[in-house]
Structure formats: structure tokens, C-alpha cells
Amino acid sequence: MFFAKNAVKTGATVPVRTRDCPADNVLFAFRLAASELNYDLDEARSLYMDLATRMACGKFMMGVETRGIDLPGEIPQRGKLFVSSTTPDICRQLRETAHLTGFSVSEPFADVVAVELRGEGLRMLTDAWSEALSSAAQAGVRCYLSAGEAIPNCAQLMRSHSLASLKDWVNGQWLNEVIGGQRLITHFQPIVRTRNPETVFAYECLLRGQDQEGNLITPDRLYAAARGANLLDRLDSEARLTAIQSASVRALSSCVFVNFNPRSIDSPHKSLQSTLRAVLSSAIPTENFVFEVVESEEISDTDSLIDIAEHFRMAGCRVALDDVGAGYNSLNLIAILKPDFIKLDMGLIRNVDRDTYKAHVTGKLLELARDLGVRTVAEGVETESEWRWACEHGADFAQGYFFARPAAEPPRSAQSSRDLPNVTFASEIFAAAAEVDAVGADLTSAKSLQN
Ligand SMILES: [Ca+2]
């Protein structure tokens, strides 16, 4: 990455990123800091043309890479949508489709189409465009949603959204209603002591939603909608608060594992503060809370992760690393994060009793954790053989359908001891065998004495 300082007469700083590809097929992405853009569309266009002429070698592509202006919390009842495309034919299709769907359309600048919106208009419009345009064409369309009449300036247009992400945002709006209507709930799944599965050591709090009829909404749907609607941060934060409050209301006496996605946090300290306030005001001792770092594979900023973990620890809570073994980053993160617990991914546990390679890898991870003094949870245990394997290889705790499914009311007894098969652990057999050897040795020596 290099900076083409003063690339144009306006003096804008233009960081230019190139990707590794043949010199005659270089892909350029221009990212213009919005604060540095203070000129009109024509100037912006000449800026692009100027840069493109100077940098083009063979084919090239150009685009504005931005994080995008945050879309409003919900669809405005009145507003204007500005859309543009670098392809005149696509602009024409946008204009015609909007017009045919019954919208009032104008063209404030060349190749920028403005559509007046009311009520559910935005949903109708994005649906109509999705049908009329190919997905490749949609990807190149930029959209800027204005809540009032104001025409966006150049900086705002630069930070507009693709049509696809606008559509995801529109489609994800139901999530706002779920969150606002307090229809997020927590289900609890027991984490048991591996050797005494009837003893619940902890409950993991798992997010669920409810629709207006009270039907369950799966976490996959909630998170997919949150990603599209730019609500990941809000959903993750609300999920934690719901979990802490639900556990508190039930006055759980065991540990409480709460999931925590560090990637979804835009402003970690603000989000942490509300979580820690909820912890401190709950009816559960602070030291019983364990925060599980999820989706660690996606984490690039390990410094802020360490910072977040340190905040939890300073408040008296503990930290777990989730899904260990699911990605390539886990070992690295164990060393960096120094978690109090690691949760072995269900992918490592599934058929571990029958898969020699898997058994070796999982066995070594358990050994490593033991050496480091980190406690282990085998996740996704579904069969007696998997549970037996986890016991024999020293996993401290286990979780999975074999013991109990998640439920709104915390399942009290994971597996009552009478339901469990009578298991003799390998280590006990070895211990017994050692005794027999010792007796054998004694008999031999006694005989030799007799003789
Ligand atoms: Ca988890």
C-alpha cells in the first residue's frame, strides 16, 4: 500500500492499494477519506480519470473502497434514494424499473438516479431492481439513502452502499422489531463434569429469538439478518445482556458461560461497560461468569482482544476460548489469550472414538491444556462412546446432546446417574492390572521363598 500524496489539484490524500496480480492486469482500489473530499461530482470524476490514466497498465478496475455510512436504525417513513452506476445502460435500467414500479424519479446529476420513497417503498424498489438486474450489475450499483430532501454531497456518495448490501439491510429490518420488542431469549445448555455427568458445572447461554406468534427463531437467522442489517454489534450486545439477566432471574448457582464476539464490537469499551454493569448488578457472583470468545478465526486485532479479556478478568470474570481446533488460529490464540477454559470444537469430538487421526490431535490438545493448567470442555458430545473417550483422555467438562439439549428452563440434571451405562475407565483397568501384577510378583517371591 502506498500513498499518492497530492495526487490531484485538490490535494486529497489517496491511499492506493494494489493486489498481487500480473502487471498488465493490475487491480486498483481507491479509497478516499471522506473528510478530505470537499469538491463536487465533476471534480471527483476528473480525479478518478486522472488517477486512472496515470496508473493504468493494460486492464484495470477502479472502485471506492469504503466502510460505508451507517444506515439508519430503521427504514425512514419518507426519504430519497440516490443510486448510480458507472455503466450508463445500468443507470437506464434503474431509472426505467423505478418508473415502471410507480415511483417518482429524477436525475439530479448525470448517471445519478433519485427516487422518492414513502413507507414500504424501499422494499418494493429493491425487490424490483433485484429482479430486473443481474447480480453482477447489482454489485456495481451504489446507493445512498437520504432521510430527508437533502441531496448528498460527494463525500456521502463515495461512502454509499452497494445495492446488495442495501437489500440485505432492508431484509434484515425485522430483527430491529425482534430486539426492540424484547423478543430475544436465552436457552441454557448444561456443561457437565465429564466423570460425573449428573453434576452440572455450568450453563452456556445460547441466543434464540421469538416471532410474534412465539415461534423460535434460530441464531443462524438472527445473525445472518444482523450482518446484512448492520446490527451485529447491537445483536451481540443485547444477546449478552439477555443472557446475564435470564441467568440472574433464575439465580443459577453454577457457572454461566456467555458468548462474546469481539469482532462485532465497534466500540469495545462502551459495549463492555454495559455487559460488566449487568454482571455486577446480577444475582450471580461475578466469578461465576465465563466469557466465551467466539469466531476467533476472524480476529485480526489481537491487541484489542487481549484488552477485552483483561477487562473481564479485572472485573473478576473468567475467559474461555470457543471452537478450539475449528480453525488455524486456535493454537496461536491460546498462547496470546491465556484462557481459563478452552472448548474443543465439536468437529474434533465427532467420532473421536473411531477416528485415529482425530483422536491423536484431540488427545494432544487435551494434553497441552493439562500442561498449561487450562481447563477443557469437550463440545458437541452426542454418543456414549464420545463421552467415554473424553473421560478417558482427561477432558474436564463436556457439553452436548448426549447430556442435554439447550432449553429455556435450564435442564437441572443432565443425565441422571441411573441412565448412564456402567463404565469402567481405562485408567481404572490399568490401576487394577498394576495391582494384579504386584500380587503376582508377591506370589512369585513367596513361592521362591517357600522353595
Ligand atoms: Ca459457544
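The values are calculated or read from the model by the stated rules, or taken from the named source; none is laboratory data. Just so we're clear, the structure is a prediction, and the values are computed from it rather than from any experiment. Cβ: placed from backbone, ideal geometry, glycine included. Neighbour counts: every protein chain shown.
A compact table of results
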item	result
Those residues of the range 340-357 which are over 13 Å from Gly380 (Cα atoms), within 16 Å of the ligand (Cβ to nearest atom) and not hydrophobic (A, V, I, L, M, F, W, C), in sequence order	Asp340
Subset tally (residues that are assigned to a loop (DSSP other than H, G, I, E, B), more than 15 Å from the ligand (Cβ to nearest atom) and modelled with pLDDT of 90 or more) for the range 312-339	4
In the range 188-240, residue nearest to Ala408 (Cα to Cα) [restricted to those that are within 16 Å of the ligand (Cβ to nearest atom) and charged (D, E, K, R)]	Arg208
Complete set of residues in the range 331-349 that are within 26 Å of Ser385 (Cα to Cα) and crowded, with 18+ Cβ neighbours inside 10 Å	Phe341, Ile342, Lys343, Leu344, Asp345, Met346, Leu348, Ile349
Every pair of residues 6+ apart whose Cβ atoms lie under 6 Å, when the first sits in the range 95-112 and is without any contact (Cβ under 8 Å) to a residue 60 or more places away in the chain while the second is of a type in the set (Phe, Trp, Tyr) and surrounded by 13 or more Cβ atoms within 10 Å (Cβ to Cβ)	Thr97/Trp129
Matching entry among Thr302, Thr362, Thr376 (being more than 22 Å from Ala239 (Cβ to Cβ), modelled with pLDDT under 95 and either surrounded by 15 or more Cβ atoms within 10 Å (Cβ to Cβ) or within 16 Å of the ligand (Cβ to nearest atom) (or both))	Thr302
Only listed residue being assigned to a strand (DSSP E or B) and crowded, with 16+ Cβ neighbours inside 10 Å, chosen from Gln156, Gln189	Gln189
All positions within the range 286-306 that are in a helix (DSSP H, G or I), over 13 Å from the mean Cα position of the chain (by Cα), closer than 30 Å to Ser248 by Cα and not aliphatic (A, V, I, L, M)	Thr286, Glu287, Asn288, Ser304
Hey, Gln182 surrounded by fewer than 17 Cβ atoms within 10 Å (Cβ to Cβ) and either under 22 Å from the mean Cα position of the chain (by Cα) or within 16 Å of the ligand (Cβ to nearest atom) (or both) or not	yes
Residue count, the range 361-388 (criterion: touching a residue at least 40 places away in the same chain (Cβ under 8 Å) and either in a helix (DSSP H, G or I) or not assigned by TED's automatic domain parsing to the domain that holds Asp323 (or both))	2
Matching residues, the range 340-349, being charged (D, E, K, R) and not in a loop (DSSP other than H, G, I, E, B)	Lys343
Which listed residue is in contact with a His (Cβ under 7 Å, 6 or more places away or on another chain) and not assigned by TED's automatic domain parsing to the domain that holds Leu231, from Val141, Val105	Val105
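Every residue, every condition in (1) among the aromatic types (Phe, Trp, Tyr); (2) surrounded by 16 or more Cβ atoms within 10 Å (Cβ to Cβ); (3) in a strand (DSSP E or B), yes or no:
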position: Leu207; (1), (2), (3): no, yes, yes
position: Gln212; (1), (2), (3): no, no, no
position: Arg234; (1), (2), (3): no, yes, no
position: Arg240; (1), (2), (3): no, yes, no
position: Ser248; (1), (2), (3): no, yes, no
